[in-house]
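Worksheet for the structure shown next.
The values are calculated or read from the model by the stated rules, or taken from the named source; none is laboratory data. Just so we're clear, the structure is a prediction, and the values are computed from it rather than from any experiment. All Cβ positions, even for glycine, are placed from backbone atoms using ideal geometry, and neighbour counts span all protein chains on display.
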Amino acid sequence: MTEPGRSTGHREGTALLCVPFAGAGPSFFHPWREPAADRWRVVPVDLPGREKRFLETPYRNVVEAAKNEVDDIAAALGAGASTVLFGHSLGAVLAYELVHLLSARGMSVERLVVSGSPGPWTQRERRATGLPDEEFLARVEEFAGFRHEALDHPEMRELILPVLQADCEMHENYVPSTDEPVSVPICSLRGSSDGLVTAAEAQQWRTATTGGFSYTELPGDHMYLVDRAREVLDVIEAESAGGR
């Protein structure tokens, strides 16, 4: 049985590869598994410096991160798996690099869904990288419109802050590994009141693909997806069913 409005049209074995935003770990996507269960197998990307890999040094370069992690990601997806990639903010540009790498391996990538991100060739004008800790956190909170409560606990902050700083550095310094667009369709999502990424910037992804492109806004600010997992999944399903 499926819930009203649900579909079981996606073939078995299709994975939804979820790439975390700055400071986040794979557990952010664990609640997505239940609403995605009859649609995709959710595969979160596990990066160094967080959760099970908290003792490892976090990356400071997006291209390096993608190249170093793609072997483990390909293994987690499995041979012959068809994959939809989703990434928010930092995760969007990292997912874009992974599409290039996975496609070059002959893996089946159906679609790239980017969220809360300008096109890959646009760098942010206002930056947080290099600021003293308190100013850095204030700038990140301003960007995101969101402050994680763990940052108010000294022990947790000590663990999270270096990862968040490294993530922001690699995002703000990101330069694509190639000027060649991907061939898979791209869907760009944005919170309708996102103060960090404009609608025009979110639609820059149109030039990053030779395939189809679509753009959708959902209610909320830059971190709209925190409370709208099911709606995000519904958009991805509708886009995939439409075959654009």
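So which residues in region 62-91 are in a helix (DSSP H, G or I) and within 21 Å of His222 (Cβ to Cβ), if there are any at all?
Val62, Leu90, Gly91
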Task: One residue from Leu131, Leu101, Leu94 being assigned to a helix (DSSP H, G or I) and surrounded by fewer than 21 Cβ atoms within 10 Å (Cβ to Cβ) - done: Leu101
Open item on the list: Please count how many residues of region 37-74 are of a type in the set (Gly, Ala, Ser) and modelled with pLDDT under 95.
Closed with: 2
TODO: Search region 187-230 for residues being free of Cβ contacts under 8 Å to residues at least 40 places away in the same chain and among the acidic types (Asp, Glu), and hand back the single one that is surrounded by the most Cβ atoms within 10 Å (Cβ to Cβ).
DONE: Glu217
Open item on the list: For region 95-135, give me each residue that is at pLDDT below 80 and either more than 23 Å from Ser188 (Cβ to Cβ) or under 18 Å from the mean Cα position of the chain (by Cα) (or both).
Closed with: Arg124
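Restricting to region 15-48, and then to whatever is under 23 Å from His222 (Cβ atoms), not hydrophobic (A, V, I, L, M, F, W, C) and not in a strand (DSSP E or B), can you tell me which residue is nearest to the chain's Cα centre (by Cα)?
In this case the residue turns out to be Pro20.
Conditions (1) within 16 Å of Ala92 (Cα to Cα); (2) part of a loop (DSSP other than H, G, I, E, B), marked per residue:
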{"position": "Met156", "(1), (2)": "no, no"}
{"position": "Gly195", "(1), (2)": "no, yes"}
{"position": "Glu201", "(1), (2)": "yes, no"}
{"position": "Ile236", "(1), (2)": "yes, no"}
